[in-house]
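The values are calculated or read from the model by the stated rules, or taken from the named source; none is laboratory data. All of these numbers come straight from a predicted model, not from anything done at the bench. Note: ideal-geometry Cβ built from the backbone for every residue, glycine included; neighbour counts use all protein chains shown. Surface accessibility is based on the protein's heavy atoms, side chains included, excluding ligands, DNA and RNA. Shrake-Rupley method; radii C 1.70, N 1.55, O 1.52, S 1.80 Å.
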Amino acid sequence: HERVRGDRYYAFIDQFVETAERLFPKLYLHWEDFGRSNAANILEKYRNQIPTFNDDIQGTGIITLAGILGGLKISGEKLTDQKYMCFGAGTAGAGITRRIFDEMVQEGLSEEEAYKRFYMVDKQGLLFDDMDDLTPEQKPFARARSEFDNPEKLNNLTAAVMAVRPTILVGTSTAPKTFTKEIVKAMASWCEHPIIFPLSNPTELAEATAGDI
């Protein structure tokens, strides 16, 4: 039968959680590979009720943050000075972005200052705050069109990179070979040590290989 969605879907999840909690009182729930329309909703619903963790949102986020902090140790730069761009604004991309944002705030930026350092790009290009299909996780990081001279042209990754000039580029798009030589060379021209993480898997879906970069 067709996939169950909406209230019936969440009622089933609720029934599962209640039953599992009853059977295993010391339960720790690990959510894996839930889609963008459900992952954050489920995490938000249960995160203050039971020990729970979403690997795509939180696990990928903390590991990417660790990699970025390692890169900054090499460059000697501060996280709060970086300009962050995520390519692929789904569950993992939004989760990673939120974790890096939280770290910038923890390191001293106000939320308002921190938001100014984040850009999200998806298949339609740079995300703008007037788009009507943004998820709740994307909305805080969407930009105003008034920030750019030619917002209508920022409809692909290359154009967005050239306009924003990020120092960190993270890929969760599953769009292979999109971190091109042009993009990498451009980033290296305005940043001595660009941090570029193509994270999509499996390898044939990665935005680039380490060898390419």
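Among the candidates 123, 78, 73, single out the residue that is open to solvent by 60 Å² or more (accessible area, probe 1.4 Å) and either touching a residue at least 60 places away in the same chain (Cβ under 8 Å) or within 23 Å of residue 34 (Cβ to Cβ) (or both).
Details: 78 fails: either touching a residue at least 60 places away in the same chain (Cβ under 8 Å) or within 23 Å of residue 34 (Cβ to Cβ) (or both); 73 fails: either touching a residue at least 60 places away in the same chain (Cβ under 8 Å) or within 23 Å of residue 34 (Cβ to Cβ) (or both).
None of the other options fit; the residue is 123.
Only residues that are in contact with a strand residue (DSSP E or B) (Cβ under 7 Å, 6 or more places away or on another chain) and part of a helix (DSSP H, G or I): list them for region 163-172, please.
Once the filter is applied, which keeps residues that are in contact with a strand residue (DSSP E or B) (Cβ under 7 Å, 6 or more places away or on another chain) and part of a helix (DSSP H, G or I), region 163-172 yields only 164.
Does residue 29 satisfy the condition of being open to solvent by less than 30 Å² (accessible area, probe 1.4 Å) and out of contact with any Cys (no Cβ under 9 Å at 6 or more places or on another chain)? Give the steps one after another, and end with the answer.
Numbers: open to solvent by less than 30 Å² (accessible area, probe 1.4 Å): yes; out of contact with any Cys (no Cβ under 9 Å at 6 or more places or on another chain): yes.
Against the criterion (open to solvent by less than 30 Å² (accessible area, probe 1.4 Å) and out of contact with any Cys (no Cβ under 9 Å at 6 or more places or on another chain)), residue 29 qualifies.
Among the residues of region 6-57, count how many are part of a loop (DSSP other than H, G, I, E, B) and farther than 22 Å from residue 94 by Cα.
Adding up the residues that qualify gives 7.
Pick from region 108-132 the residues that are part of a strand (DSSP E or B) and either at positive phi or of a type in the set (Ser, Thr, Tyr) (or both): which of them is farthest from the chain's Cα centre (by Cα)?
Restricting to residues being part of a strand (DSSP E or B) and either at positive phi or of a type in the set (Ser, Thr, Tyr) (or both), the top hit is 125.
Within region 173-198, track down each residue that is in a loop (DSSP other than H, G, I, E, B) and more than 19 Å from residue 155 (Cβ to Cβ).
If the condition is that a residue be in a loop (DSSP other than H, G, I, E, B) and more than 19 Å from residue 155 (Cβ to Cβ), then 176, 191, 192, 193, 194 are the ones that fit.
Just the residues that are of a type in the set (Lys, Arg) and in contact with a helix residue (DSSP H, G or I) (Cβ under 6 Å, 6 or more places away or on another chain), please, taken from region 122-161.
Matches in region 122-161: 145, 153.
Give me the residue from region 54-70 that is farther than 19 Å from residue 164 by Cβ and at pLDDT 90 or above and, out of that set, most open to solvent (accessible area, probe 1.4 Å). Steps first, answer last, please.
Let us first name the residues in region 54-70 that are farther than 19 Å from residue 164 by Cβ, namely 54-63, 65-67, 69-70.
Subset that is at pLDDT 90 or above: 61-63, 65-67, 69-70.
Details: 61: 0, 62: 77, 63: 121, 65: 7, 66: 58, 67: 30, 69: 66, 70: 35 Å².
Among those that are farther than 19 Å from residue 164 by Cβ and at pLDDT 90 or above, it is 63.
Taking the criterion of being buried (at least 20 other Cβ atoms within 10 Å of the Cβ), modelled with pLDDT of 95 or more and either touching a Pro at 6+ places or on another chain (Cβ under 8 Å) or farther than 29 Å from residue 161 by Cβ (or both), would at least one residue in region 104-119 satisfy it?
yes
Just the residues that are touching a residue at least 60 places away in the same chain (Cβ under 8 Å), of a type in the set (S, T, N, Q) and surrounded by fewer than 21 Cβ atoms within 10 Å (Cβ to Cβ), please, taken from region 167-213.
174, 178
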